[in-house]
Amino acid sequence: MTMTDPNKIIEVKNLVKHYGNFKAVEEVTFDVYKGDVFGFLGPNGAGKSTTIRTILSLIKPTAGEIRLFGKELSKNRNYILSKIGCIVEKPDFYLYLSAQKNLEIFGRVSGTNITQNNIHQMLEFVGLKGREKDQVSGFSHGMKQRLGIAQTLLHNPQLIILDEPTTGLDPQGIIDIRNLILQLRNEQNKTVVLSSHILSEIELIANRMVIINKGKTIVQGSVADLLNQNDVIVLFGVSNTQKAMQVLTQQLPQNNYTILDNKIQVAISNEKIPIINKLLCDNQIDVFSIESKRKLEDYFLKLINA
Amino acid sequence: MFWKSTYNEFIKIAAKPRSYISLAAITVLVSVILFAMKVDGQSYISFIMSSFEQTMSFEGNMLNGYLMAFIILQMLIIHIPLLVALVTGDLVSGEAAMGTIRMLLTKPISRTQILLSKLLAGYAYTLVILLWLGIMAIFASQLLFGIGDLMVLNSDGLVILQANDLPWRFVCGFGVSYLALITIATLATTLSCFSENSIGPIVSTMAIIIFFTIIGTLDVAVFDPIRPFLFTTHMMAWRSFFADPLPTDAILQSVAVLIAHIVGLIGIALYQFNKKDILS
C-alpha cells in the first residue's frame, strides 16, 4: 500500500497518452498541493489540454498514474469529480436554455443539493444578475465565461481547474477573475489549477507551477524558486544609451547589461535599482523611466527554446 | 443521480424547437388525410371494394374511425422513424457539437448513467409522438367518421373484425409499433455516440432503414437467410394484430427480434460512449 501526502490534491506520475502513432503526452509528472494556485504552462500543442482532460476523466490515459484527493482516479471517478469544478477550453452551454436553466441542469448532476437560492447568489456573484432568464445564445463570450465560472463554483468544489479562464474577457473581467482566484485561495483555502497563455497572470497569482513541452514535464516547483525572484529584470530609459552602457559596464561590471528598445536591460536585486539610478545621474545621464519587467516570459521562452 | 440526469434530458428535449417538428408534422399529415377521406373517402372505399362486390354484399358504415386509424397507421408508421431519428440522433452528437458533453462528463455521474438517461428520455419522446399519432388517428377519426367494423385486406384475403373486438388490437398494434420505433431511437442514439455532429447520425439512421428495407423487400433468394433478422422486416408487425386467427408465433418472433436489436444496440452504444475520448 502506498502512503500518500494528505496535502497532495493532484498527483500525476508518468502520464502518457498516445493516439495511434501520435504521442500527445509522453511523460508528464507533477503534484499540486492543498491551497496552491498552480500554474499549468506550455506552448500550444504541448499536451496541456490532454493532461487536463485526462485528470477530469474526459480522456483515458495510455499509461501513468493519476491520483486526486489521495485516491486513484480510475477507481474513484465520481467521488473525485464531485470535489472538482472546472472549465475546459471554453465554457459551453445549452444555447436554447436560459442561464438559470443551464445552472440548474449542471447543478442537478453535481452531487450536491443546489437550491434556487444558490443559483441566484452565484449569478449575482459573477455579475449576471438580471440576465438569469435570458437565453445563453444571446450572451457575449465574456458573459459565457462568467457563467462558466458560476457553473464551476456552484457546488462549492475543493479543487478548481480553469483552462484559459480569462480568454475573451475585458480588462476589468481579467482583474475580476484574478481577484476571484486569490479570494478562493486566501479566504476559502481552495486549490486552483490555472492554465493560461497570459504568463504575467500566472506570475502574479500562482505560487507553484509546471511547464510542459512536447508532452513532457520540463520543470515544476515553486514559482519564486524557479524564477529566482530575488532578481528582477529592470529597463532603464536613459538620454544616452551608449554612454550609459559604458558607465555601467565599467563601474558595475558584475551585472549583465543589454540594450533593448533603446533601453538598458539588467537583471538585478531591488536594492541595486537606486544605486544604478544614482550612478547614471552622477554621470550626467538623464533617467526618463525605470520599468520592472516580468521574468516568467523570459524563463518560459528560454526553457521552451532550449 | 440517474433520475436527475433523466429529468435533465427531458428538459433539454422539451426546450429544443426541433422536438416539436414531429408533433406538428403528424398533426398536419393526419388532418390532411382525414380531410381528404371526409371529402372523397366513399369513392376510395368503393374502388377498393369493387372486386368483392360481385361475390359479397356489405352493409353498415365501412368508412369509419377504425378504418381511418388503420389507414393512417399504415401510411405514417413508415415515415415516423425519420421524426424519431431527428431528435434521438442528436442526443449525444448534439452535445458533442455544442461542447456541452465536455461539461456534462466532468460531473460525478457515470457515462453509463448519462447514456441510459438519454435513451430513456428518447424513448419517452418516442412514446409522446406515438401517443399523439394514436390520439389523432383513433379519436379524431372516430369523431369525424364514427365507429364500425374494420375490413382489412391482407395477403390471405379480406378479414372483417367487429368493432368491439378492435380496441385491444389497436392497443397491442401500437405497442409493437412502439417497440419498432424505440429500435430506431436506439439505433439513432448509438450512431450518435460515434459522431461529433447532429446530421451524420440522423442521415445514417435513415440510410440504414432504407438499405434494410430494400434488402427485406427485394425478392431475391440470396437475402432469405438474413431477412427474418432485419429489424425493418418487423416494423410492420403491428398489422399481425389485425389478422384472424392471430399469428402469435410471428408476433412473438417480431417482438424477440426487435428486443434483441434494442439490447444489442444499447450494448454497442454503452461500449462506445464509455471508451470514447472527449476531444471536442
Net lengthening on full extension, B:Ile214/B:Ala250 (0.36 nm per residue, minus Cα-Cα) | 10.9 nm
What is the local net charge at A:Thr29, summed over the other residues whose Cβ is closer than 13 Å to its Cβ (Lys, Arg +1; Asp, Glu -1)?
-> -1
For A:Asn213, the residues 5 or more places away or on another chain with a placed amide H closer than 5 Å to its own amide H are A:Ile218
Exercise: per-residue mean of other protein chain Cβ atoms within 10 Å, B:104-117 | 5
The lysines whose Cα lies under 18 Å from the Cα of A:Lys48, excluding any fewer than 8 residues away in the same chain, are A:Lys13, A:Lys17, A:Lys23, A:Lys60, A:Lys90, A:Lys214, A:Lys216
Once you average over the residues of A:43-55, how many Cβ atoms of partner chains fall within 10 Å of each Cβ?
-> 1
List the lysines whose alpha-carbon lies under 28 Å from that of A:Lys272, not counting same-chain residues fewer than 8 positions away?
-> A:Lys243, A:Lys263, A:Lys293, A:Lys295, A:Lys302
For the protein assembly as shown, calculated [θ]222 nm from helices alone, where every DSSP H run of n ≥ 4 adds -39500 (n - 2.57) = -15500 deg cm²/dmol
Alpha-carbon Rg with Dmax, taken over segment A:82-233, Å | 16.6, 52
What does the highest-first list of A:103-115, B:183-195, B:35-47 look like by mean Cβ count within 10 Å?
-> B:183-195, A:103-115, B:35-47
Please give the per residue accessible area of the protein assembly as shown, computed with a probe of 1.4 Å over protein heavy atoms only, in Å².
-> 45
Computed over chain A: relative contact order in percent, which uses C-alpha pairs under 8 Å that are six or more apart | 20
Just check segment A:119-204 against the gyration tensor rule for me: Cα atoms, a ≥ b ≥ c as the square roots of the eigenvalues, rounded for a/c under 1.5, and otherwise prolate or oblate depending on whether a/b exceeds b/c.
-> oblate
Taking the Cβ of A:Phe139 as the centre, find all other residues whose Cβ is under 9 Å away and add up their charges (Lys, Arg: +1; Asp, Glu: -1).
-> +2
Which angle between 0 and 90 degrees, to the nearest 10, do you get for helix A:141-153 versus the longest principal axis of chain A when only C-alpha atoms count?
-> 70
Distance (nanometres) between label positions extended 7 Å along Cα→Cβ at B:Lys38 and B:Asn274 = 5.4
Carbon/sulfur accessible area of the protein assembly as shown, % of total, 1.4 Å probe, equals 59
List the extent of the Cα atoms of segment B:2-274 along each of their three principal axes, largest first, rounded to whole Å.
-> 71, 43, 28
Would you mind checking segment A:52-66 for residues with the amide N under 20 Å from a putative spin-label position 7 Å along Cα→C-beta of B:Glu196?
-> A:52-62
Protein accessible surface hidden between B and A, which excludes ligands and nucleic acids, total in Å², probe 1.4 Å = 2900
Each residue of segment B:189-201 in order: what ³J(HN,Hα) in whole Hz does its phi give by Karplus 6.51 cos²θ - 1.76 cosθ + 1.60, θ = phi - 60°, with x for Gly and Pro?
-> 5, 4, 5, 4, 5, 9, 10, 10, 9, 7, 5, x, x
Normalised convex hull volume, the protein assembly as shown, alpha-carbon set, Å³ per residue | 218
By its C-alpha gyration tensor, with a ≥ b ≥ c as the square roots of the eigenvalues, how is segment B:87-162 shaped: rounded for a/c under 1.5, else prolate for a/b larger than b/c, else oblate?
-> prolate
So, relative contact order of segment B:2-274 in percent, Cα under 8 Å, 6 or more apart, is 25
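The values are calculated or read from the model by the stated rules, or taken from the named source; none is laboratory data. Please read all numbers here as calculations on a predicted model, not as lab measurements. Neighbour counts are summed over all protein chains in view; Cβ atoms, including those assigned to glycine, are modelled from backbone coordinates with ideal geometry. Quick note on the areas: whole protein, heavy atoms, side chains included, nothing else; ligands and nucleic acids left out. Shrake-Rupley method; radii C 1.70, N 1.55, O 1.52, S 1.80 Å.
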